[in-house]
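I have placed the structure first, in the form of structure tokens, so that the comments after it can refer back to it.
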């Protein structure tokens, strides 16, 4: 009788390691003293009002604006490694494994013998998606909004990349199939924003999901163009 390994064990080691980083980051944060936990959240979470507040002033709720560009850029990435609770991080880690595994396998075939390059492309895709998702969330919550955390924006970008791969490297973004699936993704996230608080007890940063999805689609389109050129 054959037994199936858990997905995180069966995944390529860079994917499993990335999922474990998300889980480990959450574990580390909740084990910190309360003062340090608050500091991690303050500097790493997305606070839209802090982005819109003047650098030498305060937001509408009295939070200080970011002092410089680096301080403002940090939460665009760091927020993806902060999660609200165990359910949040475990769901994101599971989706990460499910989506990143097929992507890495394809990248490895395009960059044979250059595994750091394949894993680097996957990481870059995630980070670009996460950054764009953060920017969209901040823009959609002017001049203030709820603080947002989680890797869902980057993972939404990986989902778009997987769906775009089904269209093939010779197709562009606006195919009918991809447009229909993308529209369903936007509608589902908008609806989930209304039922999320009652279902999960917390709000859903649906704008970040949508931003990450289309950011990942654009990034993956660029990657596909490079892949197509390498195969020519």
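The values are calculated or read from the model by the stated rules, or taken from the named source; none is laboratory data. Fair warning: this is a prediction, and the values are worked out from it, not measured in the lab. When we count neighbours, we look across all protein chains shown, and the Cβ atoms used for this are built from the backbone with ideal geometry, even at glycine.
The rows are residues; the columns are (1) within 17 Å of the chain's Cα centre (by Cα); (2) over 16 Å from residue 123 (Cα atoms); (3) part of a helix (DSSP H, G or I).
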position: 28; (1), (2), (3): no, yes, yes
position: 36; (1), (2), (3): no, yes, yes
position: 42; (1), (2), (3): no, yes, yes
position: 54; (1), (2), (3): no, yes, no
position: 71; (1), (2), (3): no, yes, yes
position: 93; (1), (2), (3): yes, no, yes
position: 99; (1), (2), (3): yes, no, yes
position: 103; (1), (2), (3): yes, no, yes
position: 109; (1), (2), (3): no, yes, yes
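Being modelled with pLDDT of 85 or more, buried (at least 18 other Cβ atoms within 10 Å of the Cβ) and within 30 Å of residue 120 (Cβ to Cβ) narrows it down to one of 150, 145, so name that one.
It is 150.
What pairs come out if I take residues in the stretch 169-193 that are modelled with pLDDT of 85 or more and pair them with residues that are outside any helix (DSSP H, G or I) whose C-beta lies under 6 Å away, six or more apart or interchain?
Correct list of pairs: 178/167.
Residue 140: surrounded by fewer than 23 Cβ atoms within 10 Å (Cβ to Cβ) and touching a strand residue (DSSP E or B) at 6+ places or on another chain (Cβ under 8 Å), yes or no? I'd like the intermediate steps shown before the answer.
Numbers: surrounded by fewer than 23 Cβ atoms within 10 Å (Cβ to Cβ): yes; touching a strand residue (DSSP E or B) at 6+ places or on another chain (Cβ under 8 Å): no.
When the stated conditions are applied, residue 140 does not pass them.
For the stretch 54-76, enumerate the residues that are in contact (Cβ under 8 Å) with a residue 24 or more places away in the chain and surrounded by 15 or more Cβ atoms within 10 Å (Cβ to Cβ).
Once the filter is applied, which keeps residues that are in contact (Cβ under 8 Å) with a residue 24 or more places away in the chain and surrounded by 15 or more Cβ atoms within 10 Å (Cβ to Cβ), the stretch 54-76 yields 59, 75, 76.
Take residue 157 and decide whether it is more than 26 Å from residue 65 (Cβ to Cβ), crowded, with 16+ Cβ neighbours inside 10 Å and modelled with pLDDT of 95 or more.
When the stated conditions are applied, residue 157 passes them.
Name the pairs: first residue in the stretch 143-163 and over 15 Å from residue 81 (Cβ atoms), second residue modelled with pLDDT under 95 and not in a helix (DSSP H, G or I), Cβ to Cβ under 7 Å, at least 6 apart or on different chains?
So the pair list comes out as 143/60; 144/59; 144/60; 144/61; 146/203.
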